[in-house]
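The values are calculated or read from the model by the stated rules, or taken from the named source; none is laboratory data. Quantities reported herein were computed from a predicted structural model and do not represent experimental measurements. Note that we place each Cβ from the backbone using ideal geometry, even for glycine, and neighbour counts take in every protein chain shown. SASA here: full protein model, heavy atoms, side chains in, ligands and nucleic acids out. Shrake-Rupley method; radii C 1.70, N 1.55, O 1.52, S 1.80 Å.
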Amino acid sequence: QVQLVESGGGLVQPGGSLRLSCAASGIIFSSNIMAWYRRAPGKERELAAIINSGGSALYTESVKGRFTISRDNAKNTVYLQMNSLKPEDAAVYYCHCRSVLTNMEYWGRGTQVTVSS
């Protein structure tokens, strides 16, 4: 059974920080490209950050310099460190994986990030 379980979301003030975690099970973690997507109210889902098995990462322009995606293959976990949060970062953040071996993909259930005073 494949599971992606996000944690770490919550309420934070503008300028604050949060670290999201996604614990994966039921997959060969090191063979999967991992990503964080987000969906804000009234907006399309967008890719926030993505990381391959070797640790190379890409970010959407709006989060560059503020967000850092990382992975710990030994722990089957991917992280998203979010600093200098802005109200426009408020969204449901979803963990995603795609196997480079099978092209199978899975989604987590999402975790809510609220940025408000």
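Overview of values
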item	result
Exposure of K64 as accessible area (Å², to 10), given a probe of 1.4 Å and all protein chains	110
Whole-percent carbon and sulfur share, accessible surface of the chain, 1.4 Å	48
Average accessible area per residue (Å²) across the chain - probe 1.4 Å, nucleic acids and ligands excluded	53
Average Cα contact separation per residue, the chain, under 8 Å, 6 or more apart, as relative contact order %	36
Computed over the stretch 67-117, Kirkwood Rh from alpha-carbon pairs, angstrom	12.9
Of all DSSP beta bridges in the chain, antiparallel share, percent nearest 5	95
Å³ per residue enclosed by the Cα convex hull of the stretch 1-41	103
Under 5 Å, built H, 5+ apart or other chain: amide partners of G110	E6, C95
Long-range amide H partners of A90 with built H, under 5 Å	V115
For the chain, convex hull volume per residue from C-alpha positions, Å³	93
In sequence order, calculated HN-Hα J values of the stretch 101-117 (Karplus, 6.51, -1.76, 1.60; Hz; x Gly/Pro)	8, 10, 6, 5, 9, 9, 10, x, 7, x, 9, 7, 10, 10, 10, 7, 7
FRET efficiency, 1/(1 + (r/R0)^6) with R0 30 Å, evaluated for S62 and S117 via beta carbons	0.90
Estimated FRET transfer efficiency (L101, L11; beta-carbon r; R0 30 Å; 0.05)	0.20
